[in-house]
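J.: Could you have a look at this structure, given as structure tokens, before my questions?
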Amino acid sequence: MSENNLKTKKLINYGPSGRAVAQPMDDLLLDNFFEHLTMERYANVQYFAIYLWFQEHDLNGFASYFLNESQGEMEHAHKFANYLIARGQNVKLKELAAPIQKWDSIEELISYSFNMEADLTASLQQLYSISERISDTRSNVFLDPIVEAQTKSEDEFANILGKVKFADNQPSALLLIDSELNK
């Protein structure tokens, strides 16, 4: 190998996947990215299970809403995996817990979903904070639109929860909410 090739090779950082990277990822940040990826994948599976529950109860508006949410969470997981690959990482997928499939009420189910969204928001904020602290601007730029969309999603779930709570388990009121979600 020529001296020029040795100099060029030394100037390039390579990630664990062997891909050239401009900035290696901090271990703490990377661990948190993997944890968040697991949360997105779990939300995908959980929302699909909720979709099935609503389908089984002939509530097509709620079912459609949760199928869309399930697909959205898979898209988020896809974005995170692609980002990690772009940063030269090997994507490590962790085992997922089985989703909850039995619910006592729609309010309980929507409350659980709201809390899951709040946890996703908190995880994103933690990623953002770590990125900022270690000056990983690439990660902050990647996270900016995701944090904004996540905040909107959390607000949407809070709105649905408020309506369901106000409906107080009254079938006619829940059917109106279901009809609204079907639009």
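J.: Note the angle between two axes, namely the Cα long axis of helix 27-56 and the longest principal axis of the Cα atoms of the chain, as a number of degrees from 0 to 90, rounded to the nearest 10.
T.: Rounded to the nearest ten degrees, it is 30.
J.: Oh, and also: Could you tell me the calculated FRET efficiency between residue 140 and residue 170, based on Cβ-Cβ distance and R0 = 45 angstrom, to the nearest 0.05?
T.: Values: r = 46 Å, r/R0 = 1.01.
Taking R0 as 45 Å, the efficiency between residue 140 and residue 170 is 0.50.
J.: Taking the square root of 5 times each eigenvalue of the Cα gyration tensor, what semi-axes in Å does the equivalent ellipsoid of the range 27-181 have, largest first? The partial results should precede the final answer.
T.: Details: eigenvalues 206, 50, 28 Å².
Working through the eigenvalues yields semi-axes of 32, 16, 12 Å.
J.: Compare the peptides 134-145, 70-81 by average per-residue count of other Cβ atoms within 10 angstrom and give them in order, highest first. Don't jump to the answer; show the numbers that get you there.
T.: Details: 134-145: 15.3, 70-81: 18.0.
Packing order, densest peptide first, comes out as 70-81, 134-145.
J.: Here's something else I'd like to know. Over 28 Å between Cα atoms: which of 102/165; 163/183; 152/183; 102/163; 79/165; 102/183 fall into that group?
T.: Pairs exceeding 28 Å: 79/165.
J.: Arrange the following residues from fewest to most other Cβ atoms within 10 Å of their Cβ: 87, 133.
T.: Details: 87 23, 133 11.
Fewest-to-most ranking of 87, 133: 133, 87.
J.: Sequence-distant or interchain residues sharing an amide H contact under 5 Å with residue 21, placed H: which?
T.: 13, 14, 15
J.: Another question, then. What angle, in degrees between 0 and 90 and rounded to the nearest 10, separates the Cα long axis of helix 137-167 from the longest principal axis of the Cα atoms of the chain?
T.: 10 degrees
J.: How tilted is helix 60-86 with respect to the longest principal axis of the chain? Cα atoms for both, answer in degrees (0 to 90, nearest 10).
T.: 10 degrees
J.: So how strong a dipole does the chain carry about its Cα centre when Lys and Arg Cβ are +1 and Asp and Glu Cβ are -1, to the nearest 20 debye? The partial results should precede the final answer.
T.: Numbers: 16 positive and 27 negative charges, 227 e Å.
Charge dipole of the chain: 1100 debye, to the nearest 20.
J.: For the residues 131, 172, 153, what sequence is obtained by ranking on other C-beta atoms within 10 Å, fewest first?
T.: On the way: 131 22, 172 7, 153 17.
Least to most surrounded, the residues fall as 172, 153, 131.
J.: Which residues does the label zone of residue 12 cover in the range 70-97, counting backbone N under 19 Å from a point 7 Å along Cα→Cβ?
T.: Only 85-90 pass the distance filter.
J.: Specify which residue in the list 38, 182, 170 is farthest towards the positive end of the charge dipole of the chain, using unit charges on the beta carbon of Lys, Arg (+1) and Asp, Glu (-1), about the Cα centre.
T.: It is 38, whose Cα lies furthest towards the positive end.
J.: Just to be sure I understand the model, the point goes 7 Å from the Cα along the line to the Cβ. What's the resulting residue 79 to residue 132 distance in nm?
T.: A separation of 1.9 nm, rounded to one decimal place.
Every number in this text was worked out from the coordinates using simple rules, so none of it is lab data. Bear in mind that the values here come from a model prediction, so they are computed numbers and not experimental data. FYI the Cβ positions are ideal-geometry reconstructions off the backbone, even for glycines, and counts take in every protein chain you see.
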